[in-house]
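Quick notes on the structure that follows.
The values are calculated or read from the model by the stated rules, or taken from the named source; none is laboratory data. Keep in mind the model is a prediction, meaning the values are calculated, not measured. Backbone-built Cβ (ideal geometry, glycine too); neighbour counts: all protein chains shown. The area values use the complete protein model at the heavy-atom level, side chains included, leaving out ligands, DNA and RNA. Shrake-Rupley method; radii C 1.70, N 1.55, O 1.52, S 1.80 Å.
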2 protein chains.
Amino acid sequence: MLWYDVELSKFHRLFYPQIPVVVTVEFAGRIGGMPAIWCMPLSFSPPMVGVAVNPEHDTYGKIVGARAFAVNWLDFSFAEKVARLGETSGKEYPDKLAAVGLTTRRGVRTTLPIIQEASAALECVVRDSHRTGTHELIIGEVLAAQASAGFRDYWDFGRYDPLLYAGTVEGPRKSWFFLSAKGERSLIPLATQT
Amino acid sequence: MLWYDVELSKFHRLFYPQIPVVVTVEFAGRIGGMPAIWCMPLSFSPPMVGVAVNPEHDTYGKIVGARAFAVNWLDFSFAEKVARLGETSGKEYPDKLAAVGLTTRRGVRTTLPIIQEASAALECVVRDSHRTGTHELIIGEVLAAQASAGFRDYWDFGRYDPLLYAGTVEGPRKSWFFLSAKGERSLIPLATQT
């Protein structure tokens, strides 16, 4: 096999495709949410999750303020709403999730906003954080986990079609590129073309 | 949508499907490697990666000893070898990768063992680590990234068929369950049924 050098500015793309979870939070009466592909479990017991967030994002400030965050999984049918969430700044809307057409309920162990349309969600309280460079790794303990009927002991991929992010690609129009685990593909043009 | 409680001992399964990268390292003349689904970028610049490892794994000790690790992506056709790597202890073999039929070359910036059959690989030096509960998050700076012809600015999913892990599921035989992004599925029975 021939190997080619990958520019270090693009190393993160080797991790694609990855599920863009939606991190949600409420602080000072404002609801925020952002897609995050840098999110994973960090411990079984206690159940811990890490999410790496760019501190310039409005959602970061809300998480720091609330000392809590929720993790939501939207399936492949919500590709466009996830794209819009990634393009919308929470500074402009008191409820960013509503701004892209998503509805929320309160958590079961916390008052965190949970996306009603999600297939699953975690409620987390912040336990630690570490600056890692451009991002800050926020570590949360999972207080509650809920899922739709698509999950029992494992996901039933006949009922849950995961949304997989594969990059924001160039072309006639710059677009969000999503895959599913069923071989589906979706290109969502950015609302604002630069 | 109806929501059901998910036992906290199973919250990590909500993150499925995830790519099981193979973390490789050499220490004291012995080559180790393990599949890891808890691995993600943590910063663009400097380019940083985090991998959460159970300290009981033999590979953990080798990473701590070498203060370095490589991240390798094997595609869907290597599902069985990745499963075997996950079931094999490095304590038994001087070269665990060879034991499952994989070959290695040296890195381009380090002497780390890189899997020849991989579609891409990163060479990382350890910069930090944090105990998170059952696991330890090891943070590495990426010194080099290489990929096969399947990657240019992004993955070409016509040439690279990612391996996605969806759990070790029960059934007539306990099996590793893998998906691809083309709708393929693969059940690999565990070599040792308990």
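Over all pairs of distinct alpha carbons, what does the Kirkwood formula give as the hydrodynamic radius of the protein assembly as shown, in Å?
The answer is 21.0 Å.
Assume the label is 7 Å from Cα along Cα to beta carbon: what separations in nm does B:Arg152 have to the matching positions in the other copies?
So the distances to the same position in the other copies read 4.6 nm.
Take every residue in peptide B:135-147, count the Cβ atoms of other chains within 10 Å of its Cβ, and give the average of those counts.
5
Taking the Cα centre of the stretch A:117-194 as the origin and placing charges on Cβ (Lys, Arg +1; Asp, Glu -1), which of A:Ala191, A:Val142, A:Tyr160 is farthest toward the positive end of the dipole?
A:Ala191
If you put a point 7 Å past Cα along the Cβ direction, how far is that point for A:Tyr4 from the same point in each other copy, in nm, smallest first?
Counterpart label points of A:Tyr4 in the remaining copies fall at 4.6 nm.
Given label points at 7 Å from Cα along Cα→Cβ, what nm distances, shortest first, separate A:Glu87 from the same residue in every other copy?
4.7
As a quick test, which of the pairs B:Lys10/B:Lys81; A:Lys91/B:Lys182; A:Lys10/B:Lys10; B:Lys62/B:Lys182; B:Lys81/B:Lys174 have an alpha carbon distance above 28 angstrom in this structure?
Beyond 28 Å between Cα atoms: A:Lys91/B:Lys182; A:Lys10/B:Lys10; B:Lys62/B:Lys182.
What is the distance in Å between the Cα centroid of the stretch A:142-194 and that of the stretch A:61-97?
Comparing the Cα centres of the stretch A:142-194 and the stretch A:61-97, I get a distance of 15 Å.
Taking all protein chains together and a probe of 1.4 Å, list B:Thr132, B:Thr111 from the most accessible to the least accessible.
Correct descending sequence by accessible area is B:Thr111, B:Thr132.
For the rotation taking chain A to chain B, which residue of A has the Cβ nearest the axis, and how many Å away is it?
A:Gly183, 2
Rounded to whole Å and sorted largest first, list the principal axis extents of the Cα atoms in the stretch A:116-194.
The Cα atoms of the stretch A:116-194 stretch 45, 39, 20 Å along their principal axes.
Find the percent of Cα-Cα distances in the stretch A:1-55 that exceed 13 Å, and round it to a whole number.
In whole percent, the share of Cα-Cα pairs in the stretch A:1-55 beyond 13 Å is 73.
Using the per-residue mean of other Cβ atoms lying within 10 Å as a proxy for protection, in what order, highest first, do the peptides A:8-15, A:86-93 fall?
Ranked by mean Cβ neighbours within 10 Å, highest first: A:8-15, A:86-93.
Tell me the net charge near A:Tyr4. Cut-off is 12 Å between Cβ atoms, A:Tyr4 excluded, with +1 for each Lys or Arg and -1 for each Asp or Glu.
My count for the surroundings of A:Tyr4 gives -1.
Using a basic spin-label model with each label point 7 Å from the Cα along Cα→Cβ, how many nm lie between A:Ala149 and A:Glu87?
Once both label points are built, they end up 3.4 nm from each other.
Rounded, prolate or oblate for chain B? Axes are the square roots of the Cα gyration tensor eigenvalues, ordered a ≥ b ≥ c, and the cut-off for rounded is a/c under 1.5.
rounded
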